[in-house]
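Student: I'd like to ask some things about the structure below.
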Amino acid sequence: MHMDNVRKLMELLKDYDLNVWKHSIFVMKFSFEIMKRLDLHRKEVTNILIGSLLHDIGKLKISKEVINKPGKLNLQEWDEIKRHPTYGGSIINQYNINSGILPLILYHHERWDGKGYYGVAGKHIHFGARVIAIADSVEAMSSERPYQKVKDTKEIFMELLNNRGGQFDPDLINLLFKIESNNNQLIFSNNLAKKQRILEKLISVSRNYDSNVFYSGGY
Ligand SMILES: [Fe+2]
């Protein structure tokens, strides 16, 4: 069964690397927070939640030394890391996960400006993969990593704003924070401090690993 296999894969991931598992739960929850602000069909929400959980499942095939390497990766290691979306795609095929999840996994490292892993740009990137890319980056910026110090909420908020149209889908970022903009220039009446507090709340909600909305919420 489809959902049993999702659960099975998440258990494998938890055993393989607890940090990647925690990262994936966060991404699922944060994606959910983004989607709450959109009017999406239930089936699409479910697919994006599953895609969020499994987006890094290909890391099962990447050596732990590379995943957890403190310091910069060399070219060869970087090459290996970049294969995880493709590996993820073959794993979910093997486990008979609904084919609607495939583009979410393959393209979660694409950037709006086309400078991501495969060079897909803008609306050509599957919608769910654009949602996951935002949640993925928020988790990465807000957690301790061997190669970077944790960014505070204000820094993360500014990164999201400044990368609208660069790394991230500008409409999704605007929607997430109810930002009004003119040709992507912020309109000054926006209360940025208040929006930053919203982000702080979303991050803390998504960091709660105990109440797993996905497994208990009937999706
Ligand atoms: Fe990834």
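Each value in this text was obtained by applying a stated rule to the coordinates, not by laboratory testing. Just so it is clear, the structure is predicted and the values come from calculations on it, not from any experiment. Glycine also receives a Cβ, built like all others from the backbone with ideal geometry; neighbour counts cover every protein chain displayed.
Student: Give or take rounding to whole Å, what are the principal axis extents of the alpha carbon atoms in the stretch 4-117, in descending order?
Tutor: 43, 35, 23
Student: For His2, what is the net charge nearby, where nearby means another residue's Cβ is under 15 Å from its Cβ and Lys, Arg count +1, Asp, Glu -1?
Tutor: Net local charge, His2 excluded: +2.
Student: Evaluate the relative contact order of the stretch 1-150 (contact order divided by residue number), counting alpha-carbon pairs under 8 angstrom at least 6 apart; express in whole percent.
Tutor: 25 percent
Student: Just to confirm a number: summing +1 for Lys and Arg and -1 for Asp and Glu over residues other than Asn191 whose beta-carbon lies under 12 angstrom from that of Asn191, what do you get?
Tutor: +3
Student: Could you line up Glu180, Glu200 from fewest to most neighbouring Cβ atoms inside 10 Å?
Tutor: If I rank by nearby Cβ atoms, fewest first, I get Glu180, Glu200.
Student: Do the alpha carbons of any pairs in Lys149/Lys178; Lys8/Lys82; Lys154/Lys201; Lys82/Lys115; Lys14/Lys115 sit beyond 20 Å of each other, and which pairs?
Tutor: In this structure, Lys149/Lys178; Lys8/Lys82; Lys14/Lys115 exceed 20 Å between Cα atoms.
Student: Give the residue list of chymotrypsin sites (Phe, Trp or Tyr not before Pro) in the stretch 111-177 that are DSSP loop and have at most 12 other beta-carbon atoms within 10 angstrom.
Tutor: Passing both the DSSP loop test and the Cβ count: Tyr147.
Student: Could you check the simple spin-label distance between Lys36 and Gln185, using points 7 Å along Cα→Cβ, in nm with one decimal?
Tutor: 3.4 nm
Student: Considering the options Asn5, Gly58, Ile92, tell which one lies farthest towards the positive end of the dipole of the stretch 2-209, charges being +1 on Lys and Arg and -1 on Asp and Glu at the Cβ, about the Cα centre.
Tutor: Among Asn5, Gly58, Ile92, the one farthest towards the positive end of the dipole of the stretch 2-209 is Asn5.
Student: Something else now. Ignoring everything except DSSP H segments at least 4 long, calculate the 222 nm mean residue ellipticity for the chain; use -39,500 (n - 2.57) per segment, divide by total residues, nearest 500.
Tutor: After summing the helix terms and dividing by the residues of the chain, the value is -17000 deg cm²/dmol.
Student: Normalised radius of gyration for the stretch 82-175, please: alpha carbon Rg relative to 2.2 N^0.38 Å, two decimal places.
Tutor: That works out to 1.14 for the stretch 82-175.
Student: Using +1 on the beta carbon of Lys and Arg, -1 on that of Asp and Glu, and nothing else charged, what's the dipole of the stretch 2-209 about the Cα centre, debye to 20?
Tutor: 340 debye
Student: If you build the Cα gyration tensor of the chain and take the root of 5 times each eigenvalue, what three semi-axes come out, in whole angstrom, biggest first?
Tutor: 26, 20, 18
Student: Could I ask something else about it? Which net charge results when you count Lys and Arg as +1 and Asp and Glu as -1 among the other residues whose beta-carbon is under 12 Å from that of Ala121?
Tutor: Once all neighbours under 12 Å are counted, the net charge is +1.
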